[in-house]
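Undergrad: For reference, the structure I am asking about is given below.
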Protein chains: 2
Amino acid sequence: MDSAMTFAEPAAETCAGERDCKHGRGTNGCDDCKVRLFSVCGALEPTELDELDRLSQVKNFPAKTMLFDQGALAGSVFNVTEGIVRLYKSLPDGRRQIVGFALPGDFLGLALMDRYGVAAEAVTPVRVCRFTRAAFLNYVDGKPHLLRRLHEFAGHELSLAQDQMLLLGRRTADEKVAAFLLNLQARYGRIGAMSVNVPLPMSRQDIADYLGLTIETVSRTLTKLAKEKTVLVVPDGVRLLSTDRLDQLAAA
Amino acid sequence: MDSAMTFAEPAAETCAGERDCKHGRGTNGCDDCKVRLFSVCGALEPTELDELDRLSQVKNFPAKTMLFDQGALAGSVFNVTEGIVRLYKSLPDGRRQIVGFALPGDFLGLALMDRYGVAAEAVTPVRVCRFTRAAFLNYVDGKPHLLRRLHEFAGHELSLAQDQMLLLGRRTADEKVAAFLLNLQARYGRIGAMSVNVPLPMSRQDIADYLGLTIETVSRTLTKLAKEKTVLVVPDGVRLLSTDRLDQLAAA
DNA sequence: GCCCAGCATTGATGTGGGTCAAAGCGTCCA
DNA sequence: TGGACGCTTTGACCCACATCAATGCTGGGC
């Protein structure tokens, strides 16, 4: 039966590095990491990759692990190589706003400020490459092309944040959910094969806290989209049956 | 009578440069601009200030002028020296989200991407220093300390955007308005004297579009705050009568 | 000084999505 | 194999805020 379909584990097919990386196998087994950095920071010299190898440290975290808390001293920079991380801010009374999900290839703590502005928590089991802030700063300093890439990256992050503000402030529940699904599909597409099967490893509560809704509204909206055959809700994700309809809802 | 009080024009008292800048008077009269850059980019050499003088161009825009449109080719970098600019994104059906107000000292277009991610429009008459993107990029390239400052600046912007996401997604109308007033007060404080008199040069519609509310809700909320003696609504602004109460509402 | 246009306020009413409550339904473990 | 726990779905109801509709204020042009 149809709903028993499985979703490709996104990270499983994403390591272009195993095909393309000319740098060879690192001593710490962090090929993924080097590739990710490569993809974000632009062409690096082999010697620079070696340097990054030495500076980085692979870490695995089970689901629900706190990578760092909002306001904590920013001691590390992370590059997610596998799994999904939620980034969020909380109000004293417990209300939570997820400001983003970090997928494989994404950086955490790149703002390089004294303290983390958000909390980061593993949604799924997560593998990261960790750099100490000091080592990363030291490495980056005096590499203008890298600084430049970093700045571009920050600009992109800001642009995404502004899109999210528009979504949070001015879109309806339907539009929010549609935009979320399409956005997630596109992001998976960037790290693997584009597919209409969109895994949703995060809980409904996470989705609600990302879209400024409640868990019930997210659930109802998905049910509604399913009833009108726009999506098919399956365990651990959705299949997009009509991206046209979703595009129309998301109303870019 | 009390409500006839006047608000200090914020830009009028903000030019610390006229007191502190050691660089002397520029040939194009853009002392403000140099000071602003100074304050954002950190200590620059006098020769660098001269360079910036040559690169920049003072421009005045009447209220409601479009400085640039969302998606337009990013040809310029602006430094606001006087007045207020609204930055916003729009949906095809006209819904609008203001993602920020630029006050004197703020930069526009610093992300240095190919296209502007938001539209920028003068709320009040505005004076800016304009750099061509090419000149700015050229100047900045090869100045690591400047790149570094720019990156820090971007990180700060991102952090503000994330705060705004929390506000838009998870705060009530009362909390939004209270946070807005306190935030604006703090920002005026940074460019002039901290005061309980907070000018609101932007329209209620602007405030509503910034907070993800309607004009009516903003108006009613201000009336409510006035009734409970938390603020005094006067022409062109508010006086904060109880910042304690506002802090409590804003619930940091 | 008057009129008009544009903004702000206020009131009456509607509704999208929140809240509260109760089932479903996997999945993990005994 | 069952049952218990955590998550999701569904239903009934409610309310904060939106919508619709006057009305009021203010400042600029004549």
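Undergrad: Considering every residue within the range B:49-71, establish whether at least one is over 30 Å from B:Arg204 (Cβ atoms), within 20 Å of the chain's Cα centre (by Cα), modelled with pLDDT under 90 and hydroxyl-bearing (Ser, Thr, Tyr).
TA: So far as the range B:49-71 goes, yes, one or more of its residues are over 30 Å from B:Arg204 (Cβ atoms), within 20 Å of the chain's Cα centre (by Cα), modelled with pLDDT under 90 and hydroxyl-bearing (Ser, Thr, Tyr).
Undergrad: Looking at the range B:46-67, which of its residues are out of contact with any helix residue (DSSP H, G or I) (no Cβ under 8 Å at 6 or more places or on another chain) and buried (at least 20 other Cβ atoms within 10 Å of the Cβ)?
TA: B:Leu67, the sole residue that qualifies.
Undergrad: I'd like to check which strands (runs of 3 or more DSSP E) are fully inside the range A:51-94 and have at least 2 residues that are within 16 Å of A:Arg115 (Cα to Cα).
TA: So the answer is A:66-68, A:76-82, A:85-90.
Undergrad: Going through the range A:157-183 one residue at a time, which ones are within 13 Å of chain B (Cβ to nearest Cβ), assigned to a helix (DSSP H, G or I) and charged (D, E, K, R)?
TA: Selection gives A:Glu157, A:Asp163, A:Arg170, A:Glu175, A:Lys176.
Undergrad: Here's something else I'd like to know. So which residues in the range A:68-81 are buried (at least 21 other Cβ atoms within 10 Å of the Cβ) and not polar (S, T, N, Q)?
TA: Listed by number, the residues that qualify are A:Val77, A:Phe78, A:Val80.
Undergrad: Applying the selection to the range A:184-214, what residues are within 14 Å of DNA strand D (Cβ to nearest atom), in a loop (DSSP other than H, G, I, E, B) and either of a type in the set (Phe, Trp, Tyr) or over 18 Å from A:Arg95 (Cα atoms) (or both)?
TA: A:Leu200, A:Pro201
Undergrad: Now, a different point. Within the range A:120-148, how many residues turn out to be of a type in the set (S, T, N, Q), over 21 Å from the mean Cα position of the chain (by Cα) and within 30 Å of A:Pro62 (Cβ to Cβ)?
TA: 0
Undergrad: Could I ask something else about it? Across the range A:179-209, what is the total count of residues that are within 12 Å of DNA strand C (Cβ to nearest atom) and either surrounded by 18 or more Cβ atoms within 10 Å (Cβ to Cβ) or acidic (Asp, Glu) (or both)?
TA: 3
Undergrad: Further question: Considering the range B:83-99 alone, what residues qualify as being on the phi < 0 side of the Ramachandran plot and surrounded by fewer than 21 Cβ atoms within 10 Å (Cβ to Cβ)?
TA: B:Ser90, B:Leu91, B:Pro92, B:Asp93, B:Arg95, B:Arg96
Undergrad: If you go through the range B:216-252 one residue at a time, how many are away from chain A (no Cβ under 14 Å) and not in a loop (DSSP other than H, G, I, E, B)?
TA: Summing the residues that are away from chain A (no Cβ under 14 Å) and not in a loop (DSSP other than H, G, I, E, B) in the range B:216-252 gives 22.
Undergrad: Here's another thing I want to ask about it. Here are some residues: B:Tyr139, B:Tyr88. Which one is aromatic (Phe, Trp, Tyr) and at the interface with chain A (Cβ under 10 Å from one of its Cβ atoms)?
TA: After applying the criteria, what remains is B:Tyr88.
Undergrad: A further question follows. Within the range B:132-141, identify whether any single residue is under 29 Å from A:Gly142 (Cβ atoms) and touching a Pro at 6+ places or on another chain (Cβ under 7 Å), and answer yes or no.
TA: yes
Undergrad: Same structure again: Take the conditions farther than 21 Å from A:Gly117 by Cβ and outside any loop (DSSP other than H, G, I, E, B) and apply them to B:Ala154. Does it pass?
TA: So B:Ala154 fails the test.
Undergrad: Restricting the search to the range A:103-136, which residues are within 12 Å of another protein chain (Cβ to nearest Cβ), surrounded by fewer than 18 Cβ atoms within 10 Å (Cβ to Cβ) and either out of contact with any helix residue (DSSP H, G or I) (no Cβ under 7 Å at 6 or more places or on another chain) or more than 21 Å from B:His156 (Cα to Cα) (or both)?
TA: Passing the criteria: A:Asp114, A:Arg115.
The values are calculated or read from the model by the stated rules, or taken from the named source; none is laboratory data. Small disclaimer: the values here were computed from a predicted structure and weren't measured. Note that we place each Cβ from the backbone using ideal geometry, even for glycine, and neighbour counts take in every protein chain shown.
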